[in-house]
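The structure appears right after this line, and notes come after that.
The values are calculated or read from the model by the stated rules, or taken from the named source; none is laboratory data. Quick caveat: nothing in here was measured; it's all calculated off a predicted structure. Backbone-built Cβ (ideal geometry, glycine too); neighbour counts: all protein chains shown.
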Amino acid sequence: MNRHLLSAGDLTRDDAELILRTAAELRSLADRPIKKLPALRGRTVVNLFFEDSTRTRISFEAAAKRLSADVINFSAKGSSLSKGESLKDTALTLEAMGADAVVIRHGASGAPYRLAHSGWVHSSVVNAGDGTHEHPTQALLDAFTLWRHLGVGGGLDGRRIAIVGDVLHSRVARSNALLLRTLGAEVTLVAPPTLFPVGVDTWPVETSYDLDAVLPKADAVMMLRVQRERMNGGFFPTAREYSRRYGLDGRRMATLQDHTIVMHPGPMVRGMEITADVADSNRSVIVEQVTNGVAVRMAVLYLLLGGATPGSSAGGDE
Amino acid sequence: MSTYLIRNVSILGAEPTDLLLADGVVAGIGSALEGDGAEVVDGTGLIALPGLVDLHTHLREPGREDAETVETGTRAAALGGFTAVHAMANTDPVADTAGVVEQVWRLGREAGHCDVYPVGAVTVGLQGEKLAELGAMADSAARVRVFSDDGKCVHDPVLMRRALEYVKAFDGVVAQHAQEPRLTENAQMNEGELSGRLGLAGWPAVAEEAIIARDCLLAEHVGSRLHVCHVSTAGSVRIVRDAKARGVDVTAEACPHHLLLTDERATTYDPIFKVNPPLRTAADAEALRAGLADGTIDIVATDHAPHPHEDKDCEWAAAAFGMLGLETALSIVQETMVDTGLLDWAGVAERLSYAPARIGRVADHGQPIEQGAPANVVLYDPSVRRVVDATESASLSRNTPYAGMELPGRVVATFLRGRPTVLDGKLV
């Protein structure tokens, strides 16, 4: 494994499966009365959040604490874009405090890459979501969830995953498209044409404008959050029209295969991309995704911070 | 005034000859010239070109003296072989009055490294709402002939039409920064496969091409001349080529970085490569080179855009647009145009000296090296290669995208009206 986790595209299949296997071992911890391992005792993990994201931050915080790491939460809201302290100065401060890993959430695409490659810090950098670029640990937890439900012999080969919604602005979609493909799944992105990025035809995925055509073949359906504000950008005419064409409701859910699961990275906009009856149905694994998120992030921190296992080169070169 | 005798120099790549510069003019060309008391410069292996003229330079003064001053910017210009630069208007205060353009012009005279021709803003404060006093700037001591809101597009079609018409009274030209603002809101890099992958908001080629097409039609309609700044896409080249074929009085420039670099550089997320218009695809760079070779694109202009370190030592989205260009322009033209066989040295003289001087209506520059012509001459050694070192730049800023890159050629000497501003590759 690399020293940093910046893009799901940097993970080889071996890397990804090592993380998922490690997560599976660590997840069993969640069922024990004492949910703590001493693996990262004395190590410091900094959660550097330039954007509000309570759920991602507490997930990383729980992960680090269950491995006995010291956790510093650094909420630097009001990024350098608004002429606050610069990313560089914040990074130098963290370096001086002796951070072993920096978990960064930032509104600017590429900010974690800059942090890792600019020479400002020497710690491992974990991308916890950057702009409209990537969110690799979300993809890992999604893959882990898929693995548990659909994994045959440990892989996702040939499994059909539909990812539906605002692909253009979604870091979740980018990371999932890369990672699920690496794990052998067949990914179909579904969105109105305005919410696909230019050049999506070069991605290793299928694309479709027609949700109804895709659903009956899917083994899993991942709904992406669609912000109502996108409508003001003219990406679609009204929220209602969006829901009608791309929302997952009870009628559409009825066209799914029996084993098909419904996922959502959260936070959901109920009534927009997903109706309440679908979100709360027994196909929905949305709450389980949260539990899995902690396990996957434990695995990532454990492997990056020197919990090396034979055959991996954690802590090694890029 | 001292006299210089340059021995055995190749004017525009022709057979070597001697070149005598005296009293500010070219006083003699021929073999074994006598130069009593002249300083002798060995020109063996060197090319003599007319002093280069940049139609697009940001000197940042007044207002951003932390990034560049007229003094430091013109030092960089001289080192790059330029004897004249046009200083863009997006200073603080904006060069939209006779007072500001005269200040910049005077600072250039005092610095003395090259002639500075201020560009006047088209609209008050670059706001795109109301014409600035273009006539006052034209009539000022700075004799402004080039007007531009560069950095911003004159996107209001009525305002653009009026500007094109109005400057006819003093033979001016409007130099348009072609960028449709609505299509480029928050744009960070070329829109394409890479912007989608990197999650950076796209700057689509159509946002440039739509404005160029519109402006060519406007210029045709009102019978004015139009200059298009920093053409960056294959589509723009096609539009300008078509307009010229129809007889529209349009000229266009390409920047060295768009000839050499592509959007692949953005994969580093290093904003040293962030520029406006953005680095485009290899196919675009190819089309620019072809357009420059066939004359569709008239000139190379640097768009030298200094920025302090902190404005580039940050995340991509927070960084400023722009890169240095004066000291590397000629090398990049050699690399992309001469060494590829697309242009000869006469073609380089046309694109970097004669044509920009014509467009800017600069009388004393951009003349062939002939008996009696102003002695604005650059001596260039095309045979050496050098690795660009950002810390060696004469600019106050260090934002060169070429640091560590090996480029061909070196400016050995620059003469401004017979007086050396650069000798042995060093400022005099």
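Residue-level analysis places residue A:110 among those that are free of Cβ contacts under 8 Å to residues at least 24 places away in the same chain and touching a strand residue (DSSP E or B) at 6+ places or on another chain (Cβ under 7 Å). The criterion of at least 1 residues that are crowded, with 24+ Cβ neighbours inside 10 Å, touching a Leu at 6+ places or on another chain (Cβ under 8 Å) and in contact (Cβ under 8 Å) with a residue 40 or more places away in the chain is met by the following helices (runs of 4 or more DSSP H) wholly inside the stretch A:207-312: A:239-246, A:286-304.
Which residues, counting only those in the stretch B:305-335, are facing chain A (nearest Cβ under 9 Å) and charged (D, E, K, R)?
Correct list: B:310, B:313, B:315.
Please work out which residue is nearest to the chain's Cα centre (by Cα), limiting yourself to the stretch B:108-162 and to residues that are surrounded by fewer than 17 Cβ atoms within 10 Å (Cβ to Cβ) and in contact (Cβ under 8 Å) with a residue 60 or more places away in the chain. Only one residue fits best here, namely B:112.
Can residue A:193 be described as outside the structural domain of residue A:106 (by TED's automatic domain parsing) and without any contact (Cβ under 8 Å) to a residue 24 or more places away in the chain? Lay out the reasoning, then the answer.
Details: outside the structural domain of residue A:106 (by TED's automatic domain parsing): yes; without any contact (Cβ under 8 Å) to a residue 24 or more places away in the chain: yes.
Yes; evaluated as a whole, the condition is true for this residue.
Taken across the stretch B:262-274, residues that are under 24 Å from residue B:408 (Cβ atoms), surrounded by 24 or more Cβ atoms within 10 Å (Cβ to Cβ), polar (S, T, N, Q) and touching a residue at least 12 places away in the same chain (Cβ under 8 Å) do not occur at all.
Flag not set for residue B:220, criterion: in contact with a Ser or Thr (Cβ under 8 Å, 6 or more places away or on another chain) and either over 23 Å from residue B:125 (Cα atoms) or more than 14 Å from every other protein chain (Cβ to nearest Cβ) (or both).
Being touching a strand residue (DSSP E or B) at 6+ places or on another chain (Cβ under 7 Å) and either surrounded by 22 or more Cβ atoms within 10 Å (Cβ to Cβ) or more than 14 Å from chain B (Cβ to nearest Cβ) (or both) is true for just one of A:48, A:37. Which residue is that? Answer to the selection: A:48.
Modelled with pLDDT of 95 or more, crowded, with 19+ Cβ neighbours inside 10 Å and under 20 Å from residue B:333 (Cβ atoms) - does that describe any residue in the stretch B:307-316? No, because not a single residue in the stretch B:307-316 is modelled with pLDDT of 95 or more, crowded, with 19+ Cβ neighbours inside 10 Å and under 20 Å from residue B:333 (Cβ atoms). Against the condition surrounded by fewer than 18 Cβ atoms within 10 Å (Cβ to Cβ), of a type in the set (S, T, N, Q) and closer than 19 Å to residue A:175 by Cα, how does residue A:54 come out, does it pass? Against the criterion (surrounded by fewer than 18 Cβ atoms within 10 Å (Cβ to Cβ), of a type in the set (S, T, N, Q) and closer than 19 Å to residue A:175 by Cα), residue A:54 does not qualify.
When the residues of the stretch B:178-208 are filtered to those that are within 23 Å of the chain's Cα centre (by Cα) and in a helix (DSSP H, G or I), the one that is farthest from the other protein chains (Cβ to nearest Cβ) is B:208. Taken over the stretch B:318-337, the criterion of being modelled with pLDDT of 95 or more and more than 18 Å from the chain's Cα centre (by Cα) is satisfied by B:319, B:320.
One residue alone among B:89, B:32 is of a type outside the set (D, E, K, R), in contact with an Asp or Glu (Cβ under 7 Å, 6 or more places away or on another chain) and at pLDDT below 95, and that residue is B:32. Annotation: residue A:201 fulfils all but one of (1) within 14 Å of chain B (Cβ to nearest Cβ); (2) among the acidic types (Asp, Glu); (3) crowded, with 19+ Cβ neighbours inside 10 Å; the unmet one is (3). Would you confirm, using the coordinates I've provided, whether residue B:143 is of a type outside the set (A, V, I, L, M), at pLDDT 95 or above and more than 30 Å from residue B:418 (Cα to Cα)? Criteria not met by residue B:143.
Results for (1) of a type outside the set (A, V, I, L, M, F, W, C); (2) touching a Gly at 6+ places or on another chain (Cβ under 8 Å), shown as yes or no for each residue.
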| residue | (1), (2) |
| --- | --- |
| A:141 | no, yes |
| A:169 | yes, no |
| A:172 | no, no |
| A:217 | yes, no |
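Once the stretch A:103-143 is narrowed to residues that are hydrophobic (A, V, I, L, M, F, W, C) and either within 12 Å of chain B (Cβ to nearest Cβ) or surrounded by fewer than 24 Cβ atoms within 10 Å (Cβ to Cβ) (or both), the residue that is farthest from residue A:69 (Cα to Cα) is A:108.
Within the stretch B:156-177, restricting attention to residues that are not in a helix (DSSP H, G or I) and not hydrophobic (A, V, I, L, M, F, W, C), which residue is nearest to residue B:273 (Cα to Cα)? Reasoning before the result, please.
The first filter runs over the stretch B:156-177 and keeps only residues not in a helix (DSSP H, G or I), leaving B:156, B:171-177.
Subset that is not hydrophobic (A, V, I, L, M, F, W, C): B:156, B:171-172, B:176-177.
Working: B:156: 30, B:171: 36, B:172: 33, B:176: 22, B:177: 19 Å.
The selected residue is B:177.
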